[in-house]
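Taken together, the values in this text are just the output of simple stated rules run on the coordinates, not laboratory data. Treat the numbers as computed from the prediction; the structure is a model and nothing was measured. All Cβ positions, glycine included, derive from the backbone under ideal geometry; neighbour counts span all protein chains shown.
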Amino acid sequence: MSQTPVAAVRPARLPVLRSDGPPVGSPWPASARPASGGELLVGGVGLAEAADRFGTPLYVLDEDEVRQRARAYRTALPQAQVLYAAKAFLCSAMADWVAEEGLGLDVCSAGELRLAAATGFPPERILLHGNAKSPEELRLARRLRVGRIAIDGLAEIPRLAALAIADTPQRVLVRVLPDVPAGHHAAVRTGVAGQKFGFPIDGGDAAEAVDRVLAQPSLRLTGLHCHLGSQITEVEPYLTALDRLVALLSEIRDRHGVELPELDLGGGHGVRYRHGDQELDLADFAARVTAHLAARCADHGLSAPRLIVEPGRAIAAPAAVALYRVLSVKHGTDGRTFAAVDGGMSDNPRPALYGSRYAVRLVGRNSGAPTAAIDVVGRHCEAGDVLVHSAELPADLRPGDLLAVPAAGAYQLSMASGYNLVGRPAVVAVRDGRARLLIRRETVEDFQAREVGR
Ligand code: LLP
């Protein structure tokens with residue numbers, strides 16, 4: 001490695017954040033505002049100031065952005081039930097906010113369920129998912145009286161039926177596999193044939209699961225569920241899935257004489273990670289899905305079931321900004337520059353797992369330098385630990401600088417690991433110019449506390 005300064009590639013053309021809010025197509029929270037000295041305010045709180053106060057890496061969560069997004073779903077789909085998919089990111093404050101905004105919760109483990117229950121989340125608004133629910137998880141769900149359970153395996157049916165509570169049948173959905181390809185990466189395309197989720201419609205597995213559920217007096221089948229995939233930006237796959245699900249509802253009506261009252265289309269609504277990325281247009285989704293559901297049901301002589309949607313990313317991702325401190329800058333002989341930061345794949349595994357691309361900007365210092373293509377790399381012991389490839393950052397980037405990554409609120413902290421015993425970052429909530437610590441930084445003492453032998 002030489003220490004010659006990086007070649008300037010072009011003058012700065014990062015999308016400018018303006019004092020009246022981020023421009024159209026921006027991945028930043030709506031509250032993001034530039035301030036003097038290169039400071040960037042989110043929720044009225046300076047990011048550089050927050051980094052100084054709470055340390056880095058730091059996740060800054062804009063409470064109003066979460067609430068506003070939850071509200072936008074209720075406004076766009078007033079007749080539907082909106083369940084926040086907790087797997088995107090869950091903590092007690094998040095559960096409180098979505099509960100207060102009138103949403104329900106999709107949980108997929110005893111951990112998510114118990115955390116939500118401990119906050120007093122209304123259990124009837126909780127839906128339990130999972131392709132491998134343990135008998136204990138089913139018992140817990142029943143004991144806590146969760147509103148619905150999505151059946152995703154034949155073995156669950158008798159298990160759940162055996163947990164009957166007198167006079168209160170458990171409401172269940174059957175998760176079906178519509179075989180519709182959608183989603184940003186093969187790993188998250190859960191609605192296509194050949195993977196582990198759901199009962200295939202083709203071949204009759206879904207119909208058989210429905211038969212078996214209907215044969216259990218202690219279960220009440222309220223509808224069908226499907227989840228196509230994640231980071232979907234087009235409405236069409238949802239319409240194709242609706243065609244298949246409504247056809248199955250019609251078959252169920254013909255065979256059993258029952259019209260199921262609910263249809264859950266899952267989540268998967270795509271967001272912007274970088275300026276100009278396409279996102280799923282919520283108003284368009286709401287209008288077309290609602291109209292299509294009504295039309296297809298009319299074709300089959302069915303009354304339209306109540307729609308359920310389960311957005312996770314679209315509520316959480318745009319609400320958080322990840323902050324990292326630059327620890328070293330290396331200029332390679334091949335013209336590459338690496339800025340190594342104090343976080344990485346242990347707090348955000350998405351680039352390494354899916355090749356996800358992010359935006360990043362310098363905050364807390366004004367730089368007049370031209371921009372250069374800089375790889376923002378993590379601190380972990382793998383060459384693949386790259387957070388942002390070829391980021392456009394000031395060529396004078398140096399150790400001590402602070403970098404901010406938007407759209408950091410989903411599937412980062414919820415998938416964070418203990419790799420290299422670095423410890424998971426702290427999370428602060430910001431609102432109306434105030435910051436409060438929600439989750440403290442994980443320490444080596446936390447790791448040591450789990451050790452009970454040597
Ligand atoms: N409902 C079900 C049954 C799901 O499995 C999921 C996500 C959702 C709803 C919410 O999907 P969303 O609206 O957040 O896309 N780690 C991956 C995403 C995995 C999604 C898993 N299931 C990523 O970072 O892209």
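Select from A182, A209, P135 the residue farthest towards the positive end of the dipole of the range 63-317; place +1 on Cβ of Lys and Arg, -1 on Cβ of Asp and Glu, and compute about the Cα centre. Working it through, the farthest residue towards the positive pole turns out to be P135.
Quick test of the membrane-span-like rule: which DSSP H helices of the chain reach at least 15 Å along their long axis (C-alpha atoms) with mean Kyte hydropathy at least 0.5? All intermediate terms of the calculation are to be shown ahead of the outcome.
Numbers: long enough: 63-76 (20 Å, -1.74); 236-256 (30 Å, -0.18); 282-299 (25 Å, 0.54).
Helix filter hits for the chain: 282-299.
Expected output is a single nm value to one decimal: the length gained when fully extending between D202 and H389, i.e. 0.36 nm times separation in residues minus the C-alpha distance. What is it?
Numbers: separation 187, 0.36 × 187 = 67.32 nm, distance 4.15 nm.
Stretched out fully, the D202 to H389 stretch lengthens by 63.2 nm.
Shown in residue order for the range 168-173 are the 3J(HN,Hα) couplings computed by the Karplus curve 6.51 cos²θ - 1.76 cosθ + 1.60 at θ = phi - 60°: 10, x, 7, 6, 9, 10 Hz (x for Gly and Pro).
Which value, in nm² and rounded to one decimal, describes the direction-averaged projected area of the C-alpha convex hull of the range 400-439? If you can, show how the numbers build up before the last one.
On the way: hull surface 16.7 nm².
Computed as one quarter of the Cα hull surface, the answer is 4.2 nm².
Tell me the volume per residue, in Å³, of the convex hull enclosing the alpha carbons of the range 63-317.
On the way: hull volume 29.9 nm³, N = 255.
Normalising the Cα hull of the range 63-317 by residue number yields 117 Å³.
If you place +1 on the Cβ of every Lys and Arg, -1 on the Cβ of every Asp and Glu, and leave all else neutral, what size is the dipole of the range 63-317 about its Cα centre, to the nearest 20 Debye? Walk me through the numbers before you get to the answer.
Values: 29 positive and 33 negative charges, 120 e Å.
So the magnitude is around 580 debye.
Look at where the Cα atoms of the range 71-103 and of the range 363-402 average out, and the two centres are 35 Å apart. Across the range 316-331, computed HN-Hα scalar couplings (Karplus, 6.51 cos²θ - 1.76 cosθ + 1.60, θ = phi - 60°) run 8, 4, x, 8, 10, 10, 9, 10, 10, 9, 6, 9, 7, 10, 10, 9 Hz from first to last residue, x flagging Gly and Pro. Near the amide H of R220, within less than 5 Å, lie the amide hydrogens of Q170, R171, V172, all on another chain or at least 5 residues away, with H placed in the peptide plane.
Between the C-alpha center of the range 403-443 and that of the range 203-277 there is a gap of 34 Å.
What's the ranking of 209-215, 221-227 by average number of surrounding C-beta atoms within 10 Å, highest first? Kindly include the intermediate steps, with their values, before the conclusion.
Values: 209-215: 18.3, 221-227: 25.4.
Most protected by this proxy first, the peptides run 221-227, 209-215.
The coefficient of translational diffusion for the range 246-355, derived via Stokes-Einstein from the alpha carbon Kirkwood radius under 10 °C and 1.306 mPa s, stands at 87 µm²/s. Here, P(r) means the percent of Cα pairs in each 10 Å bin from 0 to the largest distance; for the range 33-113 it is 16, 37, 29, 16, 2.
Seen from all sides and averaged, what is the projected area of the convex hull of the Cα atoms in the chain, in nm²?
Details: hull surface 94.8 nm².
Dividing the Cα hull surface by four gives the mean projection, 23.7 nm².
Report the relative contact order of the chain, percent, no decimals, based on alpha-carbon pairs under 8 angstrom and at least 6 residues apart.
It rounds to 21 percent for the chain.
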